[in-house]
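Working notes, beginning with the structure itself.
The values are calculated or read from the model by the stated rules, or taken from the named source; none is laboratory data. Since the structure is predicted, the reported quantities are computational estimates derived from the model, not experimental observations. Virtual Cβ from ideal backbone geometry, glycine too; neighbours counted across all protein chains shown. Side chains included, ligands, DNA and RNA excluded: accessible areas come from the protein's heavy atoms. Shrake-Rupley method; radii C 1.70, N 1.55, O 1.52, S 1.80 Å.
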Amino acid sequence: MYDVVSVGILVADCLAKPIRKMPDRGKLELVDKISLHTGGNAATCAINVAKLGLRSAILGKIGGDGFGQFMDSSLKAAGVDTSGLKIDPAATTSASLALVGADGERSFLHSTGANGELVEADINYDIIANTQHVFVTGCLLMPKFDGAECAKFLKKCKEMGKTTAYDVCWDSTGRWMELVGPSMPYIDYFMPSIEEAIELSGGLTDPDEIADKFMEMGPHTIVIKVGKKGCFIKTKSGVRLEVPTYNRIKAFDTTGAGDSFCSGFLSGLSQGWDLERCAKFANAVGTHCVMAAGASTGIKPMKDILQFMEDYDKGLI
């Protein structure tokens, strides 16, 4: 039985850092390091759940190329069940070039690749049957899966009695709720960033108002990631939480921070924790992410992160 099954995008991340100056056309600038890492929301969550010490599986699509082999082998090495990965020999594996500034903030160049070919028929429902928590993530970067196909999948998950969670990426096409809306009735935990939530809500900026609008569409719990402020949670049952993060820790690289937050939150749910403890743990997992280069490098076993939380609260860190 899996603790969390992550469904969505897998991306081979090439990181270049630090970017002190963008090169002029036809010119070259030096960086200290270029490295290859696993990335993509689903891959990051799946690896982080496994690194926390829980049972993790992933569903998605990769190409039959070198990047695909790297992703598959890296996931397996981390302890993730990859039997649900579909390999499309006609597609290239999705990849990103992450340009990481000296302050840790990053910008991306992205190729959708095989992620753009994922459809509901690719899903191995035997794996879904063996978990309680299903996390669909990387939405709005899966052209064939976003919208009706994702809604069809989530509806089946709910019919199977599964708990569903859902997160999005930035939508450069501007379609936002046009694509997300069909899935909303089948989502339990909706987990966007504040920037994404503003766009999805049609321009609302107050988290309370945003959460209320989203809950009217179906989800019973709204979890909004608010960066350095931590997270905001509101539920249909009347719970309202603003949970600060661990701001005494300086960010080294913010790549994957939001995905790491989600992996921590869902891992907490799988342990039966209440929402506040899930949120505090999620903030701590996100903090560990930004302490090292790459989306999963800094993640430690659950007991170590729980100890970090205790030491931080005592002022020892």
Taking the stated definitions as given, is residue 167 of a type in the set (Asp, Glu), open to solvent by less than 20 Å² (accessible area, probe 1.4 Å), within 18 Å of residue 226 (Cβ to Cβ) and outside any helix (DSSP H, G or I)? yes
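I'd like to verify a number: residues in the range 270-317 that are polar (S, T, N, Q), open to solvent by 20 Å² or more (accessible area, probe 1.4 Å) and within 19 Å of residue 78 (Cβ to Cβ), how many?
Restricting attention to the range 270-317, the residues satisfying the condition of being polar (S, T, N, Q) are 270-271, 283, 287, 296-297, 307.
Right, trim to open to solvent by 20 Å² or more (accessible area, probe 1.4 Å) and you get 270-271, 297, 307.
From what is left, the residues that are within 19 Å of residue 78 (Cβ to Cβ) are 270, 297.
Final tally of qualifying residues: 2.
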Residue 218 is checked against (1) surrounded by fewer than 20 Cβ atoms within 10 Å (Cβ to Cβ); (2) closer than 21 Å to residue 133 by Cβ; (3) free of Cβ contacts under 8 Å to residues at least 24 places away in the same chain and fails just one. What number does that condition carry? (3)
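Kindly establish whether residue 146 is touching a strand residue (DSSP E or B) at 6+ places or on another chain (Cβ under 8 Å), part of a loop (DSSP other than H, G, I, E, B) and either surrounded by 16 or more Cβ atoms within 10 Å (Cβ to Cβ) or among the basic types (Lys, Arg) (or both). Spell out the reasoning first.
Details: touching a strand residue (DSSP E or B) at 6+ places or on another chain (Cβ under 8 Å): yes; part of a loop (DSSP other than H, G, I, E, B): yes; either surrounded by 16 or more Cβ atoms within 10 Å (Cβ to Cβ) or among the basic types (Lys, Arg) (or both): yes.
Answer is yes for this residue.
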If you scan the range 20-56, which residues turn out to be modelled with pLDDT of 95 or more, part of a loop (DSSP other than H, G, I, E, B) and touching a helix residue (DSSP H, G or I) at 6+ places or on another chain (Cβ under 9 Å)? 52, 53, 54, 55
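Can you confirm whether residue 173 is modelled with pLDDT under 95 and of a type in the set (Val, Ile, Thr)?
Values: modelled with pLDDT under 95: yes; of a type in the set (Val, Ile, Thr): yes.
Judged against the criteria, residue 173 is a match.
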Quick check on my filter: what residues within the range 80-129 are assigned to a loop (DSSP other than H, G, I, E, B), over 15 Å from residue 9 (Cα atoms), open to solvent by 20 Å² or more (accessible area, probe 1.4 Å) and not acidic (Asp, Glu)? 89, 90, 102, 124
